[in-house]
């Protein structure tokens, strides 16, 4: 069974590249290279670091079917290719569970010897040269009331109740630290999410119906309110320990105040899509 391959334009239009009149072939998605940064020595190089240039992939698409059908499909797809560039908004290639944001920067279209086919050679340019698999962790608010936390045989004019605590352990065989997007749902007061003992903390009150998004890639913290407005709450973060620290690889233990819910989308990045055996 072939791995599904889709192109999603910045317009939102989706094109299945292995069905519906399109055949996809000769893509080098599993080719990659690091560039060495170092000092040249008499014998060899002293390595200081490694870097990666943007990724470029050469791909062939074959459009099949009647002439009118092929022309309509080629024109629609190429309009989206060029719209991405003119609007400076990348499209996305999705290969199985992985995706990479990209632009189509070169294209050459010509007929084939088969009168029912059109060959299109394209060059895919990915400014950020990593394929990403998103792994989502959901943290649910507690629905239970800890009424028996401190049960005295006589009454006080106020209640002693235990703080709601949530804890979960997530199994993962992904070995590298990852960028992430954390969504915290209101109501929440000074929300803290602790991952393997490290706290991601905001000093703010999030009202019911609102939510906050912490984006480690963009280093942004935005609050989205029920009336459609949004606000930048970057300065309400914990400034001692960065809330943008990458999520560690391997198994993770998460503890949070279960009076609120949250989602963590972990962006697992690889130089190539992981090869999987499919039946």
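Scan 202, 236 and give me the residue that is in contact with a helix residue (DSSP H, G or I) (Cβ under 7 Å, 6 or more places away or on another chain), on the phi < 0 side of the Ramachandran plot and either in contact (Cβ under 8 Å) with a residue 24 or more places away in the chain or not assigned by TED's automatic domain parsing to the domain that holds residue 30 (or both). Give the steps one after another, and end with the answer.
Working: 236 fails: in contact with a helix residue (DSSP H, G or I) (Cβ under 7 Å, 6 or more places away or on another chain).
Within the list 202, 236, the selection yields 202.
Going through 242, 208, 259 one at a time, which residue ends up being in a loop (DSSP other than H, G, I, E, B), assigned by TED's automatic domain parsing to the domain that holds residue 140 and touching a residue at least 40 places away in the same chain (Cβ under 8 Å)?
259
Can you name the number of the only condition in (1) surrounded by 14 or more Cβ atoms within 10 Å (Cβ to Cβ); (2) more than 24 Å from the chain's Cα centre (by Cα) that residue 26 fails?
So residue 26 meets the others, but not (1).
When you check residue 31 against the structure, is it without any contact (Cβ under 8 Å) to a residue 40 or more places away in the chain and either touching a strand residue (DSSP E or B) at 6+ places or on another chain (Cβ under 6 Å) or outside any strand (DSSP E or B) (or both), yes or no?
Spelling it out, it is not the case that residue 31 is without any contact (Cβ under 8 Å) to a residue 40 or more places away in the chain and either touching a strand residue (DSSP E or B) at 6+ places or on another chain (Cβ under 6 Å) or outside any strand (DSSP E or B) (or both).
Considering only residues that are modelled with pLDDT of 95 or more and assigned to a loop (DSSP other than H, G, I, E, B), look in the range 2-16 and name the one that is surrounded by the most Cβ atoms within 10 Å (Cβ to Cβ).
Here is the first cut: in the range 2-16, the residues modelled with pLDDT of 95 or more are 5-16.
Then keep just the ones that are assigned to a loop (DSSP other than H, G, I, E, B); that gives 9-13.
Working: 9: 20, 10: 17, 11: 13, 12: 7, 13: 14.
The qualifying residue surrounded by the most Cβ atoms within 10 Å (Cβ to Cβ) is 9.
Pick out the one residue from 178, 147 that is under 35 Å from the mean Cα position of the chain (by Cα), surrounded by 10 or more Cβ atoms within 10 Å (Cβ to Cβ) and either modelled with pLDDT of 95 or more or over 30 Å from residue 274 (Cβ atoms) (or both).
178
The values are calculated or read from the model by the stated rules, or taken from the named source; none is laboratory data. The shown structure was predicted, so the numbers you read here are calculated from the model rather than taken from an experiment. So basically every Cβ, Gly included, is an ideal-geometry build from the backbone, and we count neighbours across all protein chains shown.
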